[in-house]
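Q: Below is one structure. I have some questions about it.
The values are calculated or read from the model by the stated rules, or taken from the named source; none is laboratory data. Since the structure is predicted, the reported quantities are computational estimates derived from the model, not experimental observations. Please note: Cβ atoms are built from the backbone with ideal geometry, for glycine as well, and neighbour counts cover all protein chains shown.
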Amino acid sequence: MSSPRVGIYGFTGCAGDQLMILNCEDRLIDLFGAVDILSFAMAKSDNKDEELDVAFVEGSISTEEQLEHLKNIRSRAKVLVAIGTCACWGGPQAMKLEEGGFEKRYKGVYGDAKIAVSKALEAQPVDAFVKVELKIPGCPIDKTEFLSAVSKIVAGRHPYFYKFPVCTECKWKENLCILLEGKFCAGPLTKAGCGAVCPSHNIPCVGCWGPTDDLNVGAEYKLLIEKGYSPEEVTRKITKFSGAEVAKLMKGLELKDMEAKK
Amino acid sequence: MMILKMKKEDLSVFLETVKEWGELWGPARKGERVVFQRVDGLSQMDLKATRTIIPPKKFLYPQRFTMFDFDDKGYVERTEHVPNRILFGIHPCDIHGIQVMDELFLEEYRDPYYAERREKTLLLGHSCIPDDKCMCSARDTEFIAEGFDLFFTDLKMFYLVWVGSSRGHDLVRMRPELFNRNIGRDDILNYNEYRKWKKAQVQSGADFTGMPDIFELGYNSPIWDELAEKCLSCGQCTMVCPTCNCFNVVDEVELGTVEGTRDRFWDSCMFREYSLVAGGHNFRDKRVERLKLWYTHKLQAYISEFGEPSCVGCGRCVATCPVDINVVTVTKALREQEVGK
Amino acid sequence: MKRLHVILDDREVDENPYQPDLWRIVRRYPLTSDVNFYQARAVDVDKTLTMDYLPGQFVMGSVLGEGEAPFSISSTPSRPGLLELCVRKMGTLTETLFSLKENQTIGIRGPYGNGFPIDKMEGKDVLIIAGGLGAAPLRSLLLYVLDNRDKFGKLVYLHGARTPGDMLFREEFMQLKEREDLECLLTVDKDDTGSWTERTGVVTSLFDEMGPIDAANTYAAVCGPPVIYKFVIQHLVKLNIPKHQILMTLERRMKCGIGKCGHCAIEYLYTCMDGPVFTYWDVLHMKELIGKGVSDNVIA
């Protein structure tokens, strides 16, 4: 059996996920041995645009040129895997996606300046444009989760990730709940996988792994309001990394809140 | 049951001695938190702390571990080296919790991973100072008659030491001169005072009487929907509960091979995936259905042959839930048909 | 409560109950467009011969690197040597199982669960009602009764499928129609072939077609998609079959099969230990067993 043909691509993001792949250190040789990497611009020259078994795509899509490239990758790949929160959920650059008004925001930043590169789009996750078979979220992705998924794909198996919120991992590490201290924490909304790194250092979860399988946005929202945060602040904080997705779930919440106030 | 007397100041020497048998673990402070961790001796423990974040179940079935290694020739049990461990300072509620787990994991279809760890773990209980979250007296778990190897009741000047097993007795025999059997009239009076004091300390106001019936009557009560609207589905209650045993199992493969491991990790009935079957049907798709299952096990009846509800009144769900859903508030809400603020 | 030192001391077996044995797929073929039939034989031949089970029990089946899930047994213990499973392609595990070829191995452990109460059923009439994939566990019971025909009274087998192409074991059941020692009625919701010789209509329509039964002396066994329980049970109750003699076998998520992982809990029962065969009486006081529609509003 020949090794699976793999391509690794980056769009709008910090390239941290590709860097994390290169940072797999002791496993990197195994990785390069198990798959045939045809394209990985960050790591090698001599990249080929050929048929792929698996394409890993980092970053959100924010220009027409990127969109064309993405469609081209999709057309060549049997399986397309979004890696990192930007590719999976849009990342911080997509936090206002649900609000609309991109043209106005764009103008506010760039004015009438002529942009020589490709026409800009509102940043969106990869699956807003093409079919995505698997999402490996994270900011950046976690080595263990990434290698677990790649190993399964190479072996013809289905990757499995924790579907529960990061609170579970946080409890495994015996941390005190930050919410109980009256402080903001996005843990209950956020998928596990990072090993609860931030709360283990007493830093609240900011939600960088994206939404979990079954989040109760309404309950989290209400809880934070009760703790004294303003609705604007709560909204801003919980939509930071996966704004589009969380904002969808938040629709109607404010209405409910206002009704309650009446 | 053999009950011995020991001078308080001798405890430190005793613990120093029993370290010959195995690693010494106890409740220790880590910043704001109290967790069971390995200690050098008594001075590193905090015996006044009411509860640790996770109960001692973590020693008997770790949060995540490997059950099997496999390759194309089959599955091979992973036997990891489990050290001998002495857990000192376990409170009665947690020993009750371990007894529930013992029954589940050691009786029919003995779980070898649990059994291995259980066998290599000695439980040295210690009396506790209840706080406003403890509900042991409502669950009759404030005292413990069995399930430990030794149990130390602190009576200010000395300890009364219950010897609960042959192995516990072996520890006593390592330093027999520290113990005596001269229990007199004052000791009995002191012990009786201690029992009265302890009962009076438990002030959570929890009342579980008639709960199985109230639970049954209130099964379709809208109270549940109100609770579910608040529930974050974060799963913390299940992780900290001494009688939550649920686990999930996944296979991991090594890169470029069909070899790998079968791993097991703590799961929770609060998660949507918990009752999901292939094809997408979910037997508990709604949060409210998941809440009901947990509280059925804690307050109405655990698994059929155990008969009883499994809550041991440790108060961890009370101390942990960010939105105040716990055995006390749920019991109260069902009883009064109103969700408290 | 049993004391710990006793529990640890009276240990008899040291076997790991989670340990799967390797079984070889000796034959596999499609039963319908999305259901495969598997015959398996333990790599260690002794295991094949010592595999003793009851109709209605299940095994935990593993695909290396993919995981493990419960599968009901379709073969009968009266024909030892091969274990037979019907598998519908429904999720990640079954998808990978479908990719396995003959002579490849799978992990098997079990059997688990209570199975049908064969001892009590002996001497009684048996009415079996299968809908769709429900035929998988019920075939075990059907074949068992046929193989021990003298020990049971009248035997009626009712089976409904969506279309002729969706009917599991169609040829096998068609042949049964020729036997005189059972009544075998087959129906499809819709005949899309034009050549279907049997009935058309939902499975409950077969109740009007079958001969009279001696209700008090009958055990009924039902399995199928959730929707059929409500209607089938209504008919069975109307026929006056005692509630504790109406048997159904249920599906739940399972990770261990032996009462440890918790997933198959139904209130305070475990499907893997207390089931998967339950009676209608269980359903009446266990609200979660089948869900809304069956036990609601039943008083008498």
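Q: Of the numbered conditions (1) surrounded by 21 or more Cβ atoms within 10 Å (Cβ to Cβ); (2) away from every other protein chain (no Cβ under 11 Å); (3) out of contact with any Pro (no Cβ under 9 Å at 6 or more places or on another chain); (4) aliphatic (A, V, I, L, M), A:Ala128 satisfies every one except a single condition; which is it?
A: If we test A:Ala128 against (1) surrounded by 21 or more Cβ atoms within 10 Å (Cβ to Cβ); (2) away from every other protein chain (no Cβ under 11 Å); (3) out of contact with any Pro (no Cβ under 9 Å at 6 or more places or on another chain); (4) aliphatic (A, V, I, L, M), just (1) comes out false.
Q: Here's something else I'd like to know. Return the total of residues in region B:42-68 being in a strand (DSSP E or B) and either without any contact (Cβ under 8 Å) to a residue 60 or more places away in the chain or touching a helix residue (DSSP H, G or I) at 6+ places or on another chain (Cβ under 8 Å) (or both). Give the derivation first.
A: Kept after step one, since they are in a strand (DSSP E or B), are these residues of region B:42-68: B:64-68.
Applying the additional criterion that residues be either without any contact (Cβ under 8 Å) to a residue 60 or more places away in the chain or touching a helix residue (DSSP H, G or I) at 6+ places or on another chain (Cβ under 8 Å) (or both) yields B:64-65, B:67.
Adding up the residues that qualify gives 3.
Yes/no per residue for (1) touching a Pro at 6+ places or on another chain (Cβ under 7 Å); (2) over 22 Å from B:Ala138 (Cβ atoms); (3) not assigned by TED's automatic domain parsing to the domain that holds B:Asp140:
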| residue | (1), (2), (3) |
| --- | --- |
| B:Asp170 | no, yes, no |
| B:Asp187 | no, yes, no |
| B:Gly218 | no, no, yes |
| B:Pro222 | no, yes, yes |
| B:Glu226 | no, yes, yes |
| B:Leu232 | yes, yes, yes |
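Q: What tally of residues in region A:48-99 results from selecting those that are free of Cβ contacts under 8 Å to residues at least 12 places away in the same chain and either closer than 13 Å to A:Asp17 by Cα or assigned to a helix (DSSP H, G or I) (or both)?
A: So the answer is 2.
Q: Would you pick out the residues in region B:1-58 that are of a type in the set (S, T, N, Q) and either more than 18 Å from B:Ile129 (Cα to Cα) or surrounded by fewer than 17 Cβ atoms within 10 Å (Cβ to Cβ) (or both)? Don't jump to the end; show me each part of the working.
A: Filtering region B:1-58 for residues of a type in the set (S, T, N, Q) gives B:12, B:17, B:37, B:43-44, B:50, B:52.
Result: B:Ser12, B:Thr17, B:Gln37, B:Ser43, B:Gln44.
Q: Based on this model, can you work out whether A:Phe241 counts as buried (at least 24 other Cβ atoms within 10 Å of the Cβ) and either outside the structural domain of A:Glu99 (by TED's automatic domain parsing) or out of contact with any Gly (no Cβ under 6 Å at 6 or more places or on another chain) (or both)?
A: On the way: buried (at least 24 other Cβ atoms within 10 Å of the Cβ): yes; either outside the structural domain of A:Glu99 (by TED's automatic domain parsing) or out of contact with any Gly (no Cβ under 6 Å at 6 or more places or on another chain) (or both): yes.
Judged against the criteria, A:Phe241 is a match.
Q: Check region A:192-200 and report whether any residue there is farther than 26 Å from B:Arg264 by Cα, assigned to a loop (DSSP other than H, G, I, E, B) and of a type outside the set (Asp, Glu). So that I can check it myself, show each step before the final result.
A: Keep residues of region A:192-200 that are farther than 26 Å from B:Arg264 by Cα, which gives none.
No.
Q: If I ask for residues that are within 14 Å of chain C (Cβ to nearest Cβ) and touching a Gly at 6+ places or on another chain (Cβ under 7 Å), which ones from region B:214-248 would you list?
A: If the condition is that a residue be within 14 Å of chain C (Cβ to nearest Cβ) and touching a Gly at 6+ places or on another chain (Cβ under 7 Å), then B:Thr243, B:Asn245, B:Cys246 are the ones that fit.
Q: Report those helices (runs of 4 or more DSSP H) wholly inside region B:278-341 carrying at least 1 residues which are without any contact (Cβ under 8 Å) to a residue 24 or more places away in the chain and surrounded by fewer than 22 Cβ atoms within 10 Å (Cβ to Cβ). Explain how you work it out, then say what you get.
A: Values: elements: B:287-295, B:316-320, B:327-336.
Passing ranges, in order: B:287-295, B:327-336.
Q: So which strands (runs of 3 or more DSSP E) stay within region B:69-177 end to end and still have 3 or more residues that are within 13 Å of chain C (Cβ to nearest Cβ) and on the phi < 0 side of the Ramachandran plot?
A: Details: elements: B:74-77, B:85-90, B:121-126, B:150-155, B:158-163.
Hits in region B:69-177: B:74-77, B:121-126.
Q: Now for a different question. For residues in region A:8-20 being touching a helix residue (DSSP H, G or I) at 6+ places or on another chain (Cβ under 7 Å) and not in a loop (DSSP other than H, G, I, E, B), which is surrounded by the fewest Cβ atoms within 10 Å (Cβ to Cβ)?
A: Here is the first cut: in region A:8-20, the residues touching a helix residue (DSSP H, G or I) at 6+ places or on another chain (Cβ under 7 Å) are A:8-13, A:20.
Next, only the ones that are not in a loop (DSSP other than H, G, I, E, B) stay: A:8-10, A:12, A:20.
Details: A:Ile8: 26, A:Tyr9: 25, A:Gly10: 23, A:Thr12: 22, A:Met20: 19.
In this case the residue turns out to be A:Met20.
Q: Which one of these does C:Arg109 not meet: (1) under 16 Å from C:Phe37 (Cα atoms); (2) surrounded by 19 or more Cβ atoms within 10 Å (Cβ to Cβ); (3) within 12 Å of chain B (Cβ to nearest Cβ); (4) charged (D, E, K, R)?
A: Condition not satisfied by C:Arg109: (1).
Q: Moving on to the next point. Hey, could you check region C:238-272 for residues that are within 7 Å of chain B (Cβ to nearest Cβ) and hydrophobic (A, V, I, L, M, F, W, C) and say which is farthest from the chain's Cα centre (by Cα)? Step through it out loud before you land on a result.
A: Filtering region C:238-272 down to residues within 7 Å of chain B (Cβ to nearest Cβ) leaves C:251-253, C:255, C:258-263, C:265, C:267-270.
Filter again for hydrophobic (A, V, I, L, M, F, W, C), leaving C:258, C:261, C:265, C:269.
Details: C:Ile258: 18, C:Cys261: 22, C:Ala265: 19, C:Leu269: 19 Å.
My answer is C:Cys261.
Q: For region A:161-196, enumerate the residues that are more than 8 Å from chain B (Cβ to nearest Cβ), of a type in the set (A, V, I, L, M) and in contact with an Asp or Glu (Cβ under 9 Å, 6 or more places away or on another chain).
A: Answer for region A:161-196, where residues must be more than 8 Å from chain B (Cβ to nearest Cβ), of a type in the set (A, V, I, L, M) and in contact with an Asp or Glu (Cβ under 9 Å, 6 or more places away or on another chain): A:Ala186, A:Leu189, A:Ala192, A:Ala196.
Q: Among the residues of region C:44-63 satisfying the criterion of being modelled with pLDDT under 95 and within 14 Å of another protein chain (Cβ to nearest Cβ), which is nearest to the chain's Cα centre (by Cα)?
A: Looking at the filtered set, the residue picked out is C:Lys47.
Q: Given the residues C:Ala136, C:Ala220, which is the only one that is crowded, with 17+ Cβ neighbours inside 10 Å and in a helix (DSSP H, G or I)? Give the steps one after another, and end with the answer.
A: Values: C:Ala220 fails: in a helix (DSSP H, G or I).
Criteria check complete, one pass: C:Ala136.
Q: Before we move on, is B:Asn182 free of Cβ contacts under 8 Å to residues at least 12 places away in the same chain and in a loop (DSSP other than H, G, I, E, B)?
A: On the way: free of Cβ contacts under 8 Å to residues at least 12 places away in the same chain: no; in a loop (DSSP other than H, G, I, E, B): yes.
For B:Asn182, the condition - free of Cβ contacts under 8 Å to residues at least 12 places away in the same chain and in a loop (DSSP other than H, G, I, E, B) - is not met.
Q: So, one more: Anything in region C:161-200 that is outside any helix (DSSP H, G or I) and either assigned by TED's automatic domain parsing to the domain that holds C:Ser33 or closer than 28 Å to C:Gly123 by Cβ (or both)? List them, or say none.
A: First, the residues of region C:161-200 that are outside any helix (DSSP H, G or I): C:161-163, C:167-169, C:177-200.
Of everything in region C:161-200, those that are outside any helix (DSSP H, G or I) and either assigned by TED's automatic domain parsing to the domain that holds C:Ser33 or closer than 28 Å to C:Gly123 by Cβ (or both) turn out to be C:Phe169, C:Lys177, C:Glu178, C:Arg179, C:Glu180, C:Asp181, C:Leu182, C:Glu183, C:Cys184, C:Leu185, C:Leu186.
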